[in-house]
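All remarks here apply to the structure that follows.
We did not get these values from a lab; they are worked out from the coordinates using the rules stated. Bear in mind the structure is a predicted one, so any value in this text is a computation, not a measurement. Ideal geometry is used to build each Cβ from the backbone, glycine not excepted, and the neighbour counts take in all protein chains shown.
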């Protein structure tokens, strides 16, 4: 695990005992800090192997910092109480940032945005590893970064960073910071787009002289942040702008001419959204000094991530694709754009009351099979545009779509919804889809 002598003798509260919280407790304890751990959830407390202290009844002023899980809202009483007591409220990414000076010489890449973060993070990590560069992937993906072994000198930490994580991070100076896109999301947490955009922009305001910014400008929010960076409010040495998958700045211009010409051969990077993901990964790896041939080899061998345009099976000429991670219309739209003939499984717990982002691509949809809480709403939105089946459950939708699908078509699970009405999370939904598809005759 990653530890730091700087934490020794200090007192930390850790609030939230899921994976990142447990990793914080372990790393801080191993560093010689006094740690007081708590979770309001009885299940989480039962799964924690260590002493517990009810921080709701604790003298918060005695702490050097309160470490909270990213999902803890700023309105939570403990969060508010810590701030009122003048105590720093931080997350595991800030602890990593504070530990960096004691790690072997390294670089950090931070990736944020509404959609595409996980794919781009995993793709950069894969290219670096394939090129022989020591690399770890963490943050909002995979193992908590503090739970992993430090890299040797010359390594690169590749971090997926959510708006929740960035809100409670103060000093993470990324050698390369990436913004892919910003569309409305998590407004129940942030309240308004201005606050959501500001949380994303924090990734760049923490950078220092000599760093690099890679910014997508497919949406107006990214364009505004790019303009700010170009104006040198963000003190970086280079701003590489990614527009619809093609770099339009300096030495990354080869992406449009060379790299993306091969995109049809990258089975795990299909669709226009993956053009942006690939372009960002290319720009990052070039900024880190990776040679072009190694980058292209990495793109060609990238295995993809589960639940993100995951090719599950092809049978009877029909391809089944698991895109369960698409939990809003903006993230589903690129999947609908990626294939010409789709049997679309959609629905769940809707985040908005529209499917506007998906509408331009409905010409690719042969029929929609609707599930979950959003099925009636989506039926009204789609009913005069494509044939609609009110399937109700995922199992029924898979069976109906498999029955109807013709050779050359794609059965696509891309729900445009959260999963919590019928599943514990998008991963459980995706696993159920995979199991049902593999059970088809």
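Each of residue 170 and residue 209 was given a label point 7 Å from its Cα along the Cα-to-Cβ line. The distance between the two points is 2.4 nm. Compared with the dominant principal axis of the Cα atoms in the chain, helix 394-404 is inclined by about 30°. What does the C-alpha gyration tensor say about the overall shape of segment 344-406? Classify as rounded when a/c is under 1.5, otherwise prolate if a/b is larger than b/c, or oblate. Cα axes put segment 344-406 in the oblate bin.
Highest mean first, the peptides 72-79, 158-165, 195-202, 17-24 sorted by other C-beta atoms within 10 Å per residue fall in the order 158-165, 17-24, 195-202, 72-79.
Between residue 61 and residue 393, the modelled label-to-label distance comes to 5.7 nm, taking each label 7 Å out from Cα in the direction of the beta carbon.
How far, in degrees from 0 to 90, does helix 329-338 lean away from the longest principal axis of the Cα atoms of the chain, to the nearest 10? With rounding to tens, the tilt is 50 degrees. Its Cα gyration tensor gives the chain an equivalent ellipsoid; the semi-axes, largest first and in whole Å, are 37, 28, 20. Helical runs assigned H by DSSP (4 residues or longer) give the chain a calculated mean residue ellipticity at 222 nm of -10000 deg cm²/dmol, each run adding -39500 (n - 2.57) before division by the residue total. Using the Cβ-Cβ distance between residue 315 and residue 88 with R0 set to 51 Å, the FRET efficiency works out to roughly 0.40. If I fit a long axis through the Cα atoms of helix 19-30 and take the longest principal axis of the Cα atoms of the chain, what angle between them do I get, 0 to 90°, rounded to 10? That works out to roughly 20 degrees.
With both labels modelled 7 Å from their Cα along Cα-to-Cβ, the residue 149 to residue 10 distance reads 2.6 nm. Stretched out straight at 0.36 nm per residue, the stretch from residue 362 to residue 53 would grow longer than its current Cα-Cα span by 105.9 nm.
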